[in-house]
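Scroll down for the structure; my scribbles are underneath it.
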């Protein structure tokens, strides 16, 4: 393994998986309250996470109104990528969990 970080890593945005989760949840539920329920947090927390993501990306992803939240034209392609990102995050977690289980099983046998 190289001691020098990859240029891709140095240029990577600092986007949290939790903020991406909040964005997807709001988009799918059409409200911050609905997203908050499934995330087990307050709507204000969801709002802060989405605003932080929007700031990091430099784009308005959601159009907020008093009755509903909708995905903006910039948010539509972001939502597609966000869903893929979350799927990859789940795959990463599953792979690590599987490796931990296998390592545990190997050490139990020894």
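Coordinate-derived values only; no laboratory data. This is a predicted model, so every value here is computed, not measured.
Here are a few things to note about the model shown:
- Of every Cα-Cα pair in region 14-109, the percent that sits beyond 19 Å: 46 percent
- Extension gain (nm, one decimal) between residue 73 and residue 18, 0.36 nm per residue minus Cα-Cα: 17.6 nm
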